[in-house]
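Data first, discussion second: the structure below is written as structure tokens.
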Amino acid sequence: GARSALSASSAAARGYIQDRFLRLLAGRRRRRAPLIHRGYYIRARAVDHCVQDFLLKTQSLPRTQIISLGAGFDSLYFRLKDMGLLHHTVVYEVDFPNVACQKATLIKGVKELSTLVGDTEGEGLGAIAFSGKDYKLLGVDLSELSELERILEEAGLNNEIPTLFIAEVVLTYMENPRSDALIQWAAEHFPQACFLVYEQVHPEDAFGRVMQQHFSQLNTALHSLAQYPDCEAQQRRFLGKGWTECSVMNMNEFFTCCIPEDEQQRVQTLEPFDEYEEWHLKCSHYFVLAASKGMEPSWTPLLPSMTVPRHAGPVGMAGSVPAAVCARLSGIPGLRRYGHHSVLIKPNVILTTGGFGEEDGQHCRMRNFHVLSKQAGYWEPVCVRQNIPDKRWGERLYHTVSCLSDTLALVVGGRTSPSSAGLGMLWLKFPQTCNASGPDDVAVELVSLQPAAEAALWRWRHSTTEITFKGEQYLFVYGGRSALQPVLGDWYFLHTPELSHTAIAVEGPVPESRHSHSACSWKGGVLIAGGLGAAEQPLGSVFLLRELEHGFQWQTIETHPPLVPRYSHTAHVHEGKLLLVGGVCFHASSVPGVSVIDLMTGLCLDYVINVEHLEWPLMLHNHSSIFLPEEKELLVIGGGGNCFSFGTHLNPEPVSLSLSSILVSH
């Protein structure tokens, strides 16, 4: 409770929420990360949205009441009172006796709070820690129902009037039989009642496992998850315990459907932000639920203000792909990173650069290049000397690396911090003489371009793909984002190797702007799939840029069933099939494993990744992957990120996915 109050106070200070009472209740303020601010914002917004809807729908009734369960140092009462929304409503807050006493003492000591409550009555009598005309603070253990009932009655609760129960990350900390009993008790004792819940969901995927681990370490295990793992189970729970209406949505749906577009945009631009993956994963692992009974008209605060096409999860998995760690790569330092880039610089030699990760026990931007080489069937690391004229050029995230020959590669874009200007292009030069096991040193040189041309390529989360036009080689730089533009939809053709900007005509429907998409060379052109579009919405579209006589043409590839929208995935093409690996989407239940799109027919099959042989959660976003067509092996390098406030999870070692069973040659 105290930790979330501090985050809330920081979020209010940064303008995410209007709440001048938080700092009075939370005490000292520490500035938090933008990701934490957004997390607190969405929680406060969901609760306020539903509470204000309840007060609005019942405003013509003579009396109503709100019971906030496990309220902690929450400022809800003071906000509502200050906004003039409590004309005929009494708020009861229930929490452990020590919390209730602390809060009561705090309110009495702060003039701004005590004057809002007004005259107090029968102070500090037993379990009633604080008692105002429309505000009662009660110290009682929620799992003791008979005790709770007695004290609420003593404090003046009236079972016959419309009552809203609020449980904000509270029920899940109770043993299931006790929280179930509380839900049922509320339905049985109050003829007109509403129940609002905000808490965690989806324990089974990698993010869910990291989230559960975090709470177990704090000795506050999440009990609801095992029995009620998804939104549908929570809905059935309430409908089976005496509630007649119940709607539920995860926080990605709530943000998109129940927050007006101008407000979405305001929040998205409050401070520099580049942690989309962690934000959307957090939001797919929390839900808001509104249940009611006996309300006329019925209480439905979660009806979307706009209908968003709900992409069903994969219709069913076509099969599974086994994941395994590589025999000689466990414990190898240098590959725990995300936002990096890996590329084959010659057969069986992989160069990984940049990203953010773990070096010498420290979390930092990765400066060291890393080379893996396959010797006698095993991947092994190779030591590399690096000639970097200036270490700044080495530290970057979300850049691309394109191999132009076995002695030359080009680095395009990337960023240091999300508010930084762009980074210039770099040449990576490998010695001519390098043996089969890969280069033993890499020289880095700055590419000098015309300043205007250079600035046009200042971007990150973009793609750079080799294409062919009239028999000549070009690099096609597409999409991404920059410090000024949250999403880009433009493109450049760079003639190689001298990198001159070339104007080539492109016709056909232009794809929506996007970043964190995938791009693969195919038949001289480029296949673009998915990505994060405007307003931070994942895209499910697939485009082919194909060569015509006088230029190129964009062509849409229709997929059946429609591709689940995703971003931060990787992609490869093999024998007319596009393979999409991992990524982030809005519903945790449809987290992609490997999707295979037949480019001739558009048929899309989803395969789940079987992780039973891995001893740690495999996060498939912000990773890189290399496909070896001979072996039909896919090597996943790095991946993961900062899991909201649950700590940083980086995949500890590379993982090999065997695709031979799903890529049967015809």
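The values are calculated or read from the model by the stated rules, or taken from the named source; none is laboratory data. Here the structure is a predicted model, which is why all the values come from computation and not from measurement. Glycine also receives a Cβ, built like all others from the backbone with ideal geometry; neighbour counts cover every protein chain displayed. SASA here: full protein model, heavy atoms, side chains in, ligands and nucleic acids out. Shrake-Rupley method; radii C 1.70, N 1.55, O 1.52, S 1.80 Å.
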**Q.** Failed item in (1) open to solvent by less than 40 Å² (accessible area, probe 1.4 Å); (2) touching a Cys at 6+ places or on another chain (Cβ under 9 Å); (3) modelled with pLDDT under 85, with Leu410 passing the rest
**A.** (3)
Q) Quick one: which of Ala519, Ala571 is touching a Cys at 6+ places or on another chain (Cβ under 6 Å), in a strand (DSSP E or B) and of a type outside the set (Phe, Trp, Tyr)? A) Ala571
Q: Could you list all residues from segment 235-253 that are buried (at least 22 other Cβ atoms within 10 Å of the Cβ) and in a helix (DSSP H, G or I)?
A: Arg237, Phe238, Met251, Asn252
Q. Of the residues in segment 376-400, how many are at pLDDT below 75, open to solvent by 60 Å² or more (accessible area, probe 1.4 Å) and within 35 Å of the chain's Cα centre (by Cα)?
A. 2
Q) Restricting attention to segment 297-332, which residues are among the charged types (D, E, K, R) and either under 30 Å from Pro652 (Cα atoms) or at pLDDT 90 or above (or both)? A) Arg328
Q) Being without any contact (Cβ under 8 Å) to a residue 12 or more places away in the chain and within 22 Å of Glu296 (Cα to Cα), is that true of even one residue in segment 39-48? A) no
Q.
Would you confirm, using the coordinates I've provided, whether His574 is at pLDDT below 95 and in the same structural domain as Gly524 (by the TED database)?
A. no
Q. Since Ser417 meets every condition but one in (1) open to solvent by less than 60 Å² (accessible area, probe 1.4 Å); (2) free of Cβ contacts under 8 Å to residues at least 60 places away in the same chain, which condition does it not meet?
A. (2)
Q. Is there a residue being buried (at least 23 other Cβ atoms within 10 Å of the Cβ), closer than 25 Å to Val401 by Cβ and free of Cβ contacts under 8 Å to residues at least 40 places away in the same chain anywhere in segment 628-646?
A. no
Q. Which residue, of Arg328, Arg337, Arg367, is in the same structural domain as Leu620 (by the TED database) and closer than 20 Å to Met619 by Cβ?
A. Arg337
Q | Qualifying residue in segment 498-508 (condition: over 27 Å from His574 (Cα atoms), outside any strand (DSSP E or B) and open to solvent by less than 20 Å² (accessible area, probe 1.4 Å)) | A | yes
Q. Out of segment 570-582, which residues are open to solvent by less than 10 Å² (accessible area, probe 1.4 Å) and on the phi > 0 side of the Ramachandran plot?
A. Gly582
Q. What about Met619, is it assigned by the TED database to the domain that holds Ile332 and either more than 19 Å from Pro322 (Cα to Cα) or basic (Lys, Arg) (or both)?
A. no
Q.
Checking the conditions here, which among Ala206, Ala233 is at pLDDT below 95 and assigned by the TED database to the domain that holds Ile183?
A. Ala206
Q) Which one of Glu512, Glu558, Glu549 is open to solvent by 60 Å² or more (accessible area, probe 1.4 Å), outside any strand (DSSP E or B) and under 23 Å from Trp458 (Cα atoms)? A) Glu512
**Q.** Long-range neighbours under 7 Å by Cβ, at least six apart or interchain, first residue more than 17 Å from Phe493 (Cβ to Cβ) within segment 444-460, second surrounded by 14 or more Cβ atoms within 10 Å (Cβ to Cβ) and of a type in the set (Ser, Thr, Tyr)
**A.** Trp458/Ser482; Trp460/Tyr398
Q | Selection status of Tyr478, surrounded by 14 or more Cβ atoms within 10 Å (Cβ to Cβ), modelled with pLDDT of 95 or more and under 20 Å from Gly414 (Cβ atoms) | A | yes
Q. Can you pull out the residues in segment 329-358 that are under 23 Å from the mean Cα position of the chain (by Cα) and in a loop (DSSP other than H, G, I, E, B)?
A. Leu335, Arg336, Gly339, His340, Gly354, Gly355
Q) In segment 128-224, which strands (runs of 3 or more DSSP E) lie fully inside it and hold 1 or more residues that are closer than 28 Å to Leu302 by Cα and either open to solvent by 10 Å² or more (accessible area, probe 1.4 Å) or touching a strand residue (DSSP E or B) at 6+ places or on another chain (Cβ under 7 Å) (or both)? A) 135-139, 163-168, 193-200
Q. Do you know which of the residues in segment 522-533 that are open to solvent by less than 10 Å² (accessible area, probe 1.4 Å) and part of a strand (DSSP E or B) is farthest from Leu404 (Cα to Cα)?
A. Leu532
Q: Scan segment 259-299 for residues that are open to solvent by less than 10 Å² (accessible area, probe 1.4 Å), assigned to a loop (DSSP other than H, G, I, E, B) and closer than 30 Å to Tyr338 by Cα and jot them down.
A: Asp274, His285
Q | The lone exception for Arg546 - which of (1) more than 25 Å from Thr256 (Cα to Cα); (2) of a type in the set (Lys, Arg); (3) in contact (Cβ under 8 Å) with a residue 24 or more places away in the chain it fails | A | (3)
Q: Have a look at Leu494, Leu544 and point out the one that is crowded, with 22+ Cβ neighbours inside 10 Å and either in a strand (DSSP E or B) or under 30 Å from the mean Cα position of the chain (by Cα) (or both).
A: Leu494
